[in-house]
Amino acid sequence: MAAAALNQTPLEWRHNSANVRQAIQAARDRNAVVVCLPELCLTGYGCEDAFHAANTHQRAWAALQELLPGTRGMIVSLGLPVLHQNGLFNCAALAVDGRLVGLVAKRFLAGDGIHYEPRWFKPWPAGVRDEFVGPDSETIPIGDLHFEIGGIRLGFEICEDAWVANRPGAALALHGVDLILNPSASHFAFGKLEVRKRFVLEGSRAFGVSYVYANLLGNESGRALYDGGALIASGGKLLSAGSRFGFADCLLTTAVVDVDATRMSQARTASFKPELAGSNPWCVHTKFKWPEVSPEAGQAVRDRNDSTECGGWESSARLKEEEFSRAEALALFDYLRKSRSQGFVVSLSGGADSAAVSCLVSLACELALNELGRDVVRVKLGHIRGLPKELTPRWLTNALLTTVYQATENSGPITRAAARGVAEAIGATHFEFDVAKLHLGYLETVESALGRKFDWKSDDLALQNIQARVRSPGIWMLANVRNALLLATSNRSEAAVGYATMDGDTSGGLSPIAGIDKAFLRQWLRWMETTGPDGLRPIPALAAVNAQAPTAELRPAGAKQTDEDDLMPYALLDAIERAAIRDKRSPLEVFHLLRGEHTQFTAQQLGVWIERFFRLWSRNQWKRERYAPSFHLDDENLDPKTWCRWPILSGGFERELAELREQVAKPV
């Protein structure tokens, strides 16, 4: 058996087909017979409304026909959309020995969170088989099918099919299926791997089968990130687990399964009662000669990155930090090459957010070089002009990353030194812009128009915002001159309450940490300072960043401005956000919940902060709508385009907040 993790791109026909060919050839070289490829691998999963274009279906079908001859002697599943009776279905096409023998349609569609499959596809009803007529008038079985191939039975659960209570695998088991293939496009989220392992292992045990799970890999279409992590299990035991967050276009995971063992295990199970319906209309029969493969041979050809036991960084006590580092690095590397940008530009303030974004670009360079080597990285980044001959992580970072510290009269020497130190430590090309004259010029212009002088007492917000905005034109110009991608540096905690200047610190074409809360980001930076990802060195220069209290540094130095003074403690802000937005609790419910968890704060202080959160959340949805695209890294995202929808105009919880104030005012 072989499961492939592929780094596909929506509608990139040549690239996607080339990756499929590479996977099939790699499987053939390892003597694999059955190859499971990811969901919708021919088109790409993230085609969005292009699924509604006839051209998409026509080209996908043409790609399938071109790939079929390469499957001779093998059994290969390939994912594509299929238009049948004017309904669009998400299908796995099964090729056997160079012939297309059937199309299995997905029964359960993912329509929550980041997924919008019901917008494009129809769910296939259970127990229905039909005939699909292809462009060349060939007739192919389509629907809720399984297959008997040379005496071995094979069925499908397509991604979401395995995540529901009424899994198709239960019915497949009653029909004596030996193998279940799961072609998936399962986006990465922290902690999600363990859920996948559970349904693969339990499916293989409860259904008495061998189970093969394949997934997409990398930044496929901009926001969603796929970690790969193919899995092969049999009879409740994990045989092989593919590596995650790889930079290659194809990662293959293989294992040998013993069909006799799973059959006899099922036969010994007293509760198992097979479906004996005589002629089975849902089973497609086809001839195939299976080769005999020894278990020892299968172990010998297993990929060097595959393991039956998690090791290395996967078993780290700081797994979330490791996952974050590798997920962001892969996402940035893929975004760079797929957007054909010449590099990245970051406005490096000397604070936590911009330092984190800069370090993540450096990690992308180092991890890509470590895995792929200089020659392959040079090919993958072949569109970038002037790559250095000596491709080391430091030189590659220097070529790809430009950072700029932009000072106004309110900027201090500590942040300037911190920015310079981080840039030097990672090897970025670093500049310092003095934008104080531009800032003062705007003040004088508007003061002249209004006929009055600004002062901090009455014009605080406007005076802060103009400093952030005056930094935007120069950094955008530098990005344009370099044909580079400007990275915004706002985090999720700031997005929740709108603590960001639109067209200022939110400026950018990509916002890589907009899905990450500030508390975790600061924790990650401390880890990067002292430890860093497995196999890489830490960045001690981050000490200058970590020693500071987070600050926008937009008020005069005497004000001693900090983010938490302006808002509330970040850990509490994140707790309120999760309770209010993720868990959909009312202000009063949030108060009762947090009062028991955060006893260090008085009821009055909690009431003030909770009210502040709900008011700022309600009035700042327009900002979240305007954020640059961000990476989806956990299932608590606030991105309105992929996860958390909210009205731009609303009642603002006025009645609910009145109830909260009444409760807080009551004597204990």
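The values are calculated or read from the model by the stated rules, or taken from the named source; none is laboratory data. Because the structure is predicted, anything quoted here is derived from the model rather than measured. Cβ sites come from the backbone with ideal geometry, for glycine too, and all protein chains shown count toward neighbours. Only protein heavy atoms, including side chains, enter the accessible area calculation; ligands, DNA and RNA are left aside. Shrake-Rupley method; radii C 1.70, N 1.55, O 1.52, S 1.80 Å.
Structure summary
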| read-out | value |
| --- | --- |
| Pairs, first touching a residue at least 60 places away in the same chain (Cβ under 8 Å) and within 14 Å of residue 355 (Cβ to Cβ) in the range 481-493, second of a type in the set (Lys, Arg) and open to solvent by less than 20 Å² (accessible area, probe 1.4 Å), C-beta under 8 Å, six or more apart | 491/518 |
| Scope the range 344-360; condition in contact with a Ser or Thr (Cβ under 7 Å, 6 or more places away or on another chain), in a helix (DSSP H, G or I) and open to solvent by less than 10 Å² (accessible area, probe 1.4 Å); matching residues | 354, 357, 358 |
| Exclusive hit being within 16 Å of residue 45 (Cβ to Cβ) and of a type in the set (Asp, Glu), set 117, 138, 131 | 117 |
| Per-region count, the range 575-591, residues touching a residue at least 40 places away in the same chain (Cβ under 8 Å), within 16 Å of residue 659 (Cβ to Cβ) and not aromatic (Phe, Trp, Tyr) | 3 |
| Residue in the range 156-168 that is touching a residue at least 24 places away in the same chain (Cβ under 8 Å), under 29 Å from residue 252 (Cα atoms) and open to solvent by 40 Å² or more (accessible area, probe 1.4 Å) present | yes |
| Residue selected from the range 610-624 under the condition open to solvent by 30 Å² or more (accessible area, probe 1.4 Å) and not charged (D, E, K, R), by the criterion nearest to residue 502 (Cα to Cα) | 622 |
| Any hit, the range 125-144, residues being within 30 Å of residue 643 (Cβ to Cβ) and in contact with a Leu (Cβ under 9 Å, 6 or more places away or on another chain) | no |
| Residue 625, sole failed condition from (1) over 20 Å from residue 660 (Cα atoms); (2) touching a helix residue (DSSP H, G or I) at 6+ places or on another chain (Cβ under 9 Å); (3) assigned to a helix (DSSP H, G or I) | (2) |
| Test: residue 296 is out of contact with any strand residue (DSSP E or B) (no Cβ under 6 Å at 6 or more places or on another chain) and modelled with pLDDT under 95 | yes |
| Hits in the range 55-68 (condition: out of contact with any Lys or Arg (no Cβ under 8 Å at 6 or more places or on another chain) and within 20 Å of residue 139 (Cβ to Cβ)) | 57, 58, 60, 61, 62, 64, 65 |
| Total residues in the range 133-174, condition touching a Lys or Arg at 6+ places or on another chain (Cβ under 7 Å) and in a loop (DSSP other than H, G, I, E, B) | 5 |
| Among the residues listed as 241, 233, the single one being without any contact (Cβ under 8 Å) to a residue 40 or more places away in the chain and in contact with a Ser or Thr (Cβ under 9 Å, 6 or more places away or on another chain) | 233 |
| Members of the range 529-545 found to be within 21 Å of residue 319 (Cβ to Cβ) and open to solvent by 40 Å² or more (accessible area, probe 1.4 Å), listed by number | 529, 530, 531, 534, 535, 537, 538 |
| All positions within the range 553-598 that are under 20 Å from residue 349 (Cβ atoms) and among the charged types (D, E, K, R) | 553, 555, 560, 563, 564, 565, 566 |
| Any pair with Cβ under 7 angstrom, 6 or more apart, that starts in the range 636-663 at a residue that is within 30 Å of residue 191 (Cα to Cα) and ends at one that is open to solvent by 30 Å² or more (accessible area, probe 1.4 Å) | 636/578; 636/582; 637/643; 640/625; 640/646; 642/223 |
| Condition check for residue 552: assigned to a loop (DSSP other than H, G, I, E, B), hydrophobic (A, V, I, L, M, F, W, C), in contact with a helix residue (DSSP H, G or I) (Cβ under 8 Å, 6 or more places away or on another chain) and surrounded by 19 or more Cβ atoms within 10 Å (Cβ to Cβ) | yes |
| Answer from 210, 186 - the residue that is open to solvent by less than 10 Å² (accessible area, probe 1.4 Å) and within 25 Å of the chain's Cα centre (by Cα) | 186 |
| When residues of the range 555-565 are limited to those that are surrounded by 16 or more Cβ atoms within 10 Å (Cβ to Cβ) and in contact (Cβ under 8 Å) with a residue 12 or more places away in the chain, the one nearest to residue 355 (Cα to Cα) | 563 |
| Selection within the range 634-664 - outside any helix (DSSP H, G or I) and in contact with a helix residue (DSSP H, G or I) (Cβ under 6 Å, 6 or more places away or on another chain) | 636, 638, 640, 646, 648, 650, 652, 653 |
| Those helices (runs of 4 or more DSSP H) lying entirely in the range 362-467 with at least 1 residues over 30 Å from residue 218 (Cβ atoms) and free of Cβ contacts under 8 Å to residues at least 12 places away in the same chain | 413-426, 436-450 |
| Any hit, the range 237-251, residues being among the aliphatic types (A, V, I, L, M), open to solvent by 20 Å² or more (accessible area, probe 1.4 Å) and at pLDDT below 95 | no |
| Tally, over the range 567-607, of residues that are in a helix (DSSP H, G or I) and open to solvent by less than 70 Å² (accessible area, probe 1.4 Å) | 23 |
| Some residue of the range 519-541 being in contact with a helix residue (DSSP H, G or I) (Cβ under 7 Å, 6 or more places away or on another chain), at pLDDT below 95 and outside any loop (DSSP other than H, G, I, E, B) | yes |
| Any hit, the range 74-81, residues being among the hydroxyl-bearing types (Ser, Thr, Tyr), more than 26 Å from residue 339 (Cβ to Cβ) and in contact with a Lys or Arg (Cβ under 9 Å, 6 or more places away or on another chain) | no |
